[in-house]
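Trainee: Got a structure here, written out as structure tokens. Questions coming.
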Amino acid sequence: MTNFLAVERALRTAAPHDLFRTVRAALMEHFRALEVELLMADYSLTVLQPVTALPYTAEPLPVHASSEGRAFGSQEPYGQYAARDGAVDLHLPVTVRGDRLGILTVRMPKDACTSETVGELTDLAELLGHEIVVAERDTDLYLQARRASRLTLAAEMQWQLLPARACSRPEYAIGAQLEPAYDIHGDNFDWSTSDETLTLTVTNGMGEGIRASLLTNLAVNALRNARRAGVGIADQAALADQALYGQYRGHEYVSTLLLSFELNSGRAQVVDAGSPQLWRYRNRCVERLEFEAQFPLGMFEESPYTAQEFQALPGDRLIFVSDGVYAAASAGGEVYSERALARAIQATSLLPAAAVPRAILEELTAYRAADADDDAMVVCMDWFGRAAAS
């Protein structure tokens, strides 16, 4: 425990840009580490990028064909014997509240790799993740390390607008992904939680490039502003609608699905203001949940919005998709939502929520007849419910 506390103290006092060098030196001093490497998951979640000297990282590792990727996918420590020195490489998930950031690899002598040491190093990798999230306010190092290629300006704006790509609590687990990751335009997702509620929004802004990104930025921030004022989701939609109409006078608008869940009961309210769809996987059956369609935000002046209700049960999986997913067509002209989407949801039923969006988007890529000409967004939420107080 003394060694753990020494590394923890070093991490908490390190400069934002110096976290990796600090943790490497501390692990070598206090845990007999021989080598240490930090890898960040790229924006598409397909490769792990080593953090090295800027502006470039070293050769990336594939998520689906590497030992590091195995630890990333399973979210469990994974050890393998190194090629030399009789050492062991420990691949440790760097994850913050369900958001998978990357992998910390620590090479150690075999005799130093005890179960107690593995447990402490696993906790330190999680602590490193928390410090990276804080450090990103003050340095670009870790954001740059995530880039397998250059982001468009519109994609830069969209990724900076997101809360994270995953989040987990005892009551639920969320995973989300946008594609094309390096050229995303107007799709977006957002969430916020309190002791009693979870608010989730999925957004599909019209247009392309900077135009779509600016529109979505205004919509998401208008929704956040209303949410933080403490009003319900129907009023959140109404206030965001007014903000968008005031700016664009109905020439531009945003399709949005807003939801608010009671963590105690699973009761949910929803405002369906446009094109994002909600699908449910329950008891091995997949079905689309349809609600009364209301006007997209900003289409008309002072549109009224009404919240509808549905019930989430423990064990439910909710899948939210944008039109870039469900409307994609195969070579034969069949849209993805007719049959293929349900098959993809079934096929990914054993994956954790954080891994489902990437898996469905890979299925979509193989299905459609041509390269995407629209954004594709998938959000997966597993509902566990809140355990009754004993």
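Trainee: Less than 12 Å Cβ to Cβ from F189, Lys/Arg counted +1 and Asp/Glu -1: what total charge do the surrounding residues give?
Mentor: Counting the neighbours of F189, the net charge comes to -2.
Trainee: Using the Karplus curve 6.51 cos²θ - 1.76 cosθ + 1.60 with θ = phi - 60°, what ³J(HN,Hα) values do you get for each residue of segment 315-327, in whole Hz, with x for Gly and Pro?
Mentor: Those phi angles translate into x, 5, 10, 10, 10, 10, 9, 8, 5, x, 9, 6, 9 Hz.
Trainee: Given a 1.4 angstrom probe, what's the average accessible area per residue across the chain, in square angstrom?
Mentor: Here the residues of the chain average 45 Å² of exposed surface.
Trainee: Let me ask you something else. Taking square-rooted eigenvalues a ≥ b ≥ c of the alpha carbon gyration tensor, is segment 173-262 rounded, prolate or oblate, where a/c under 1.5 means rounded and, failing that, a/b exceeding b/c means prolate?
Mentor: Verdict is oblate for segment 173-262.
Trainee: Taking a ≥ b ≥ c as the square roots of the Cα gyration tensor eigenvalues, with a/c under 1.5 meaning rounded and otherwise prolate when a/b beats b/c, else oblate, which class fits segment 275-367?
Mentor: Oblate shape, in that a/c is at least 1.5 and b/c is the bigger or equal ratio.
Trainee: I want to verify a result. In a Gaussian network model of the chain, Cα cutoff 10 Å, which of these has the top mean-square fluctuation: S213, S67, S149?
Mentor: Maximum among the listed residues: S149.
Trainee: In terms of modelled amide H atoms, which long-range or inter-chain residues lie less than 5 Å from the amide H of A376?
Mentor: Those qualifying (amide H under 5 Å, at least 5 residues apart or on another chain) are E179.
Trainee: Same structure again: Quantify, in whole percent, the carbon and sulfur part of the accessible surface of segment 66-124 (1.4 Å probe; protein heavy atoms only).
Mentor: Using a 1.4 Å probe with all protein chains present, segment 66-124 comes out at 46 percent carbon and sulfur.
Trainee: List the residues whose amide H sits under 5 Å from the amide H of A41, counting only those 5 or more places along or on another chain, with H placed 1.01 Å from N in the peptide plane.
Mentor: The list, which skips near neighbours in sequence, is Q49, G102, I103.
Trainee: Please compute the length gained on full extension between A387 and R97, using 0.36 nm multiplied by the number of residues separating them and subtracting their Cα-Cα distance.
Mentor: Here the segment from A387 to R97 would lengthen by 102.5 nm.
Trainee: Shifting gears a bit: State the extension gain, in nm to one decimal, for the chain segment bounded by V134 and R288, taking 0.36 nm per residue of separation less the distance between their alpha-carbons.
Mentor: 51.6 nm
Trainee: A further question on this structure: Taking amide H positions as placed 1.01 Å from N in the peptide plane, with prolines and chain starts having none, which residues 5 or more places from D316, or on another chain, fall under 5 Å of its amide H?
Mentor: For D316, whose amide H was placed from the backbone, the distant partners under 5 Å are W383.
Trainee: Additional query: Whole percent per 5 Å bin, from 0 to the bin with the longest distance: what is P(r) over all C-alpha pairs of segment 1-116?
Mentor: 2, 11, 19, 24, 22, 15, 5, 0
Trainee: Å³ per residue of the Cα convex hull, for segment 223-305?
Mentor: 95 Å³
Trainee: With +1 assigned to the C-beta of every Lys and Arg and -1 to the C-beta of every Asp and Glu, and no other charges, what is the dipole magnitude of the chain about the Cα centre in debye, to the nearest 20?
Mentor: Computed about the Cα centre, the dipole is about 580 debye.
Trainee: How large is ³J(HN,Hα) for each residue in segment 88-105, as worked out from phi by the Karplus curve 6.51 cos²θ - 1.76 cosθ + 1.60 (θ = phi - 60°), to whole Hz, x for Gly and Pro?
Mentor: 10, 8, 9, 9, 10, x, 9, 9, 10, 6, x, 7, 7, 8, x, 9, 9, 9
Trainee: When the chain is treated as a GNM, springs tying every alpha-carbon pair under 10 Å, which of E338, E363, E156 comes out with the largest mean-square fluctuation?
Mentor: E338
Trainee: Spelling out what I want: for every residue of segment 275-287, take phi, set θ = phi - 60°, compute 6.51 cos²θ - 1.76 cosθ + 1.60 (Karplus), and round to whole Hz; glycine and proline get x.
Mentor: 8, x, 10, 10, 10, 10, 10, 9, 6, 6, 10, 10, 8
Trainee: Here's a follow-up. Evaluate the distance, in nm, between pseudo-label points positioned 7 Å from the Cα of S192 and of D85 along their respective Cα→Cβ axes.
Mentor: Result for the modelled spin labels: 4.9 nm.
Trainee: For a quick check, take a GNM of the chain with Cα springs below 10 Å and name the residue from A354, A329, A155 with the largest mean-square fluctuation.
Mentor: A329
Trainee: Once you order the gyration tensor axes a ≥ b ≥ c over the Cα atoms, which shape class does segment 189-332 get: rounded for a/c under 1.5, otherwise prolate or oblate by comparing a/b with b/c?
Mentor: It comes out oblate by the Cα gyration axes.
Trainee: How much of the accessible area of segment 240-343, probe 1.4 Å, is carbon plus sulfur, in whole percent?
Mentor: Exposed carbon and sulfur together represent 44 percent of the surface.
Trainee: Please state, as a whole number in µm²/s, the translational diffusion coefficient that the Stokes-Einstein equation yields for the chain at 4 °C and 1.567 mPa s, with Rh defined as the Kirkwood radius across alpha carbon pairs.
Mentor: In µm²/s, the coefficient is 58.
The values are calculated or read from the model by the stated rules, or taken from the named source; none is laboratory data. Not measured: the values here are computed from a predicted model. Neighbour counts run over all protein chains shown; Cβ positions are idealised from the backbone, glycine included. Heads up: the accessible areas ignore ligands, DNA and RNA and are worked out on the full protein's heavy atoms, side chains in. Shrake-Rupley method; radii C 1.70, N 1.55, O 1.52, S 1.80 Å.
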